[in-house]
1. If eta is 1.306 mPa s and T is 10 °C, what Stokes-Einstein diffusion coefficient results for the range 126-261, Kirkwood Rh from Cα pairs, in µm²/s?
2. Counting only helical runs of four or more DSSP H residues, what would the 222 nm mean residue ellipticity of the chain come to if each run contributes -39,500 (n - 2.57) and the total is spread over all its residues?
3. Tell me, what is the percent relative contact order of the chain, built from C-alpha pairs under 8 Å that lie six or more residues apart?
4. Where Lys and Arg each count +1 and Asp and Glu each count -1, what net charge lies around M117 among other residues with Cβ under 13 Å from its Cβ?
5. Give the separation of the Cα centroids, the range 149-188 to the range 352-428, in Å.
6. When Lys and Arg each count +1 and Asp and Glu each count -1, what net charge do the other residues less than 13 Å away from P247, Cβ to Cβ, add up to?
7. Limiting things to C-alpha atoms, what are the Rg and the maximum Cα-Cα separation (Dmax) for the chain, in angstroms?
8. Using the heavy atoms of the protein chains and a 1.4 angstrom probe, tell me the accessible area per residue for the chain in square angstrom.
Amino acid sequence: MRMISTRAASPPVGLAEALLAGLTPDGGLYIPEILPRLRPTDFDGAEDLPQIAERLLAPFFTGQALAAELPAICREALDLPLPLLATKDPRIRVLELFHGPSAAFKDFGARFLAAAMRRLRAPGADQQTVLVATSGDTGSAVAAAFHRQPGFRVVILFPRAGVSPRQAHLLSCFGDNVESYAVDGSFDDCQALAKAAFADRELRARRPLVSANSISLGRLLPQMAYYAQAALEIWRGCGAPAHFVVPTGNLGNGLACLWARAMGLPIGQIRLACNANHAVVDYLTLGRREGHASVSTLANAMDVGRPSNLERLAALGPERRAGLAAGCVDDATIRATIVAGPERYGQIWCPHTACAIALAERAIASEEPGPWIVAATAHPAKFETVVEPLIGQPVPIPSSLAPWLTRPAEAQPLAADYPALRKALLAA
Ligand SMILES: *Cc1c(COP(=O)(O)O)cnc(C)c1O
């Protein structure tokens, strides 16, 4: 299958090219030419996530350089625990997406992309630099995925004052082929620096750069698989479609759920839970696509004012956006939802998951009794400075995170101006 641009002015490309590219030449985003339809019975015999992912993604890999490698990529990258848990409230279940090495859902996409890129590398090719600007979770997922992979160097840019202390540690503790820079500026500054590097031809001739940011198709496609797995589990149990609530920032995770539904997985309603950043809500209710300057919230990984994937959502067309709605959740509600978590659900929520819980509660009260499956996007231990004071108890550190937290961590300071980054990129 070929990948096309959301803007239609760029020629179609093969999957491998789309995986390695950031934007399309016409400034759009790559999307599959079609979303093939599968039936639940097409997954008969596929039980775990790697097996389900392999069946789901096979149509995109047919005839492509990586086709024969797909089973190995799925096994290597997606063999992570994926519990679908009941809570004390029968109307709400939780799909925990945070059991990978960086304790956030971004591990699935980052690991898949790394496994694919490793196989696309020609033997003896120049070292490639994976350059990522991160607001927190992407950087550590990408670092963990590429850590000690021969032929790759990872350079992470994060806003010095914009991440939680534990996120900062995680971003800076890898060492080896991973360099992290604490930028004296905001996430937008980090993104502007990365963009300047990607636009610098002379630099790229000397230091080949690859992108692993959240618009990468190599991260989006595998994210469909966990929705497929959860929906099939419900379908096989009771023959009913599953309804999902997805914490949403740049809209990559929510879009994966929509794509899975468009491919025929038994998924019913989809709700996108946003924090105070309201661009997705504006789009779905008013048709406005321009977005706004981002505002800081307790759910910092969702502080996105201009979600890139709105462009892919628009490309889906109105009929595939049926049964879709979005809602905003303010910081006061995030706090109250975290406070109520242990008593009401027997669960500790991270601030992002709390947005989705709050939206599920709204849906249950007003329209659709569910049950709803809430995508839990990060382990609460990553946001302990927010969560612990609210629940009045320590959050246990998961075994995936513990080894990283005992490593020494050191980020290098970086001024928010491009010559400083350029020099650092050329230094190694
Ligand atoms: C990145 C992130 C989100 C937002 O996901 P998008 O794909 O950008 O919508 C939500 N929660 C957590 C914990 C994240 O790290």
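The values are calculated or read from the model by the stated rules, or taken from the named source; none is laboratory data. Just so you know, these numbers come straight off a predicted model, no measurement behind them. Don't worry about glycine lacking a Cβ; one is built from the backbone with ideal geometry, like all the others, and counts go over all protein chains shown. To get the accessible areas, we keep the full protein, side chains included, count just its heavy atoms, and leave off ligands, DNA and RNA. Shrake-Rupley method; radii C 1.70, N 1.55, O 1.52, S 1.80 Å.
1. On the way: Rh = 16.6 Å.
Approximately 96 µm²/s, per Stokes-Einstein.
2. Working: 17 runs with 180 residues, N = 428.
Calculated at 222 nm, the ellipticity per residue is -12500 deg cm²/dmol.
3. 19
4. Numbers: positive: R111, R118, R119, R121, R153, R219; negative: E17, E69, E76.
Here the count lands on +3.
5. Each part's Cα centre sits 14 Å from the other's.
6. Numbers: positive: K106, R271; negative: E96, D137, D303.
Neighbourhood net charge equals -1.
7. 20.3, 59
8. Numbers: 16290 Å² over 428 residues.
In whole numbers, the chain has 38 Å² accessible per residue.
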